[in-house]
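Here is the structure we will look at.
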Amino acid sequence: MLIDQGDLAGALSLLDQTRELAPDWVDLIVLTGETQARLGLRDEAVASFRRYLGLSDADRHGAMLHLALLGAAPAPDMTQTPYVRALFDDFSDRFDRSLLQDLAYRGPALAAELIGTGGPDGLGSVLDLGCGTGLVGERLRVHCAWLDGIDLSDGMLEKARAKKIYDGLYQGDVAAFLFDPPRLYDWIVAVDVLNYVGALDQVMTGLGLALRSGGRAVFTVEALDTSGAAEREVMRLLPTLRYGHSAEYVRAMAAAARLTVLDQRTEVLRLEAGKPLSAHVFTVQRPADGAVVAAGSGELDPEPRISS
Ligand SMILES: C[S@@+](CC[C@H](N)C(=O)[O-])C[C@H]1O[C@@H](n2cnc3c(N)ncnc32)[C@H](O)[C@@H]1O
């Protein structure tokens with residue numbers, strides 16, 4: 001309550017007192033670290049997150065990401081940490097209500113509008129990458145001959161399964177799935193997912209592998225505000241523990257994977273702390289006779305600069 005009211009110093013004092021009673025309570029240690037970081041107590045925050053890592057078998061709370069934000073560790077590969085999975089397992093019961101009612105989530109509607117109905121033959125085979133609870137799938141189902149979904153979180157997949165709208169549901173990482181898909185797709189959609197991924201070279205290459213020739217993909221990235229930032233900044237780990245990407249970076253990664261950008265727009269995706277959150281929304285296409293090329297091997301620096 002004190003944190004919600006903005007009384008961070010009061011909250012920290014209470015957290016310190018509580019930790020005296022329960023020194024190894026990991027949730028409390030993470031909350032302490034977050035509060036210290038927000039108060040600018042960097043060294044104390046770093047010590048808290050390190051203490052958490054020392055006590056935990058797995059980094060479910062994203063302590064490595066916090067350490068990266070504090071400049072005390074390199075940014076970890078988010079797809080390899082248990083953090084995202086744990087985050088959405090915990091969130092799955094509240095996800096639909098929270099996103100649709102509280103956060104004015106527009107992602108599924110935006111994707112449905114861009115993808116359309118596919119005409120008399122429908123959309124064909126469709127893959128929902130990072131399908132979550134199925135909010136995007138619900139919009140597209142009626143137009144799909146086949147609809148697959150893939151997600152990291154079992155909790156989210158359970159909700160999607162209960163809706164009975166997917167022909168196939170898979171648990172795993174988006175890039176790994178795209179490199180070994182069970183079929184080729186006419187459409188692939190990834191809404192509000194790639195901001196949990198970071199570097200996009202693998203995903204762009206994977207889109208080229210999992211799309212049929214001429215197939216299309218619609219995806220969002222959280223728009224990185226590059227004003228005032230270093231010239232070549234292409235993505236940034238944000239205080240929200242998600243990544244922002246520049247549109248220029250996405251275009252370069254798509255081009256390196258020989259995907260044609262058909263459409264690019266910037267839209268309000270949802271609210272974040274009561275303010276509009278902007279996303280770049282891309283529609284790309286695998287050329288009709290397009291060979292598959294690995295993104296990152298072409299004109300772009302294979303080690304894009306990540307700042308945190
Ligand atoms: C904000 S939710 C969006 C869900 C859905 N696309 C929608 O628009 O309602 C993000 C989802 O992406 C999944 N996710 C994040 N990173 C992933 C990854 N590397 N591989 C697979 N799923 C991932 C999460 O588990 C979560 O369900």
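In table form, for the structure just shown:
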| read-out | value |
| --- | --- |
| Residue tally, condition open to solvent by 30 Å² or more (accessible area, probe 1.4 Å), closer than 14 Å to residue 28 by Cα and either in contact with a Lys or Arg (Cβ under 8 Å, 6 or more places away or on another chain) or touching a residue at least 12 places away in the same chain (Cβ under 8 Å) (or both), over the range 3-16 | 3 |
| Helices (runs of 4 or more DSSP H) contained entirely in the range 20-107, each with at least 1 residues that are open to solvent by 20 Å² or more (accessible area, probe 1.4 Å), within 12 Å of the ligand (Cβ to nearest atom) and under 26 Å from residue 1 (Cβ atoms) | 83-91 |
| Unique residue being polar (S, T, N, Q) and in a helix (DSSP H, G or I) when the list is 220, 133, 205 | 205 |
| Filtered residues of the range 187-201 (kept if within 10 Å of the ligand (Cβ to nearest atom) and in a helix (DSSP H, G or I)) | 194, 195, 196 |
| Residues (open to solvent by 70 Å² or more (accessible area, probe 1.4 Å), assigned to a strand (DSSP E or B) and within 13 Å of the ligand (Cβ to nearest atom)) located in the range 136-186 | 170, 171 |
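The values are calculated or read from the model by the stated rules, or taken from the named source; none is laboratory data. None of these values were measured; they are calculated from a predicted model. With ideal geometry, Cβ positions are generated from the backbone for all residues, glycine too; neighbour counts draw on all protein chains shown. Surface areas here come from the heavy atoms of the whole protein model, side chains and all, with no ligands, DNA or RNA. Shrake-Rupley method; radii C 1.70, N 1.55, O 1.52, S 1.80 Å.
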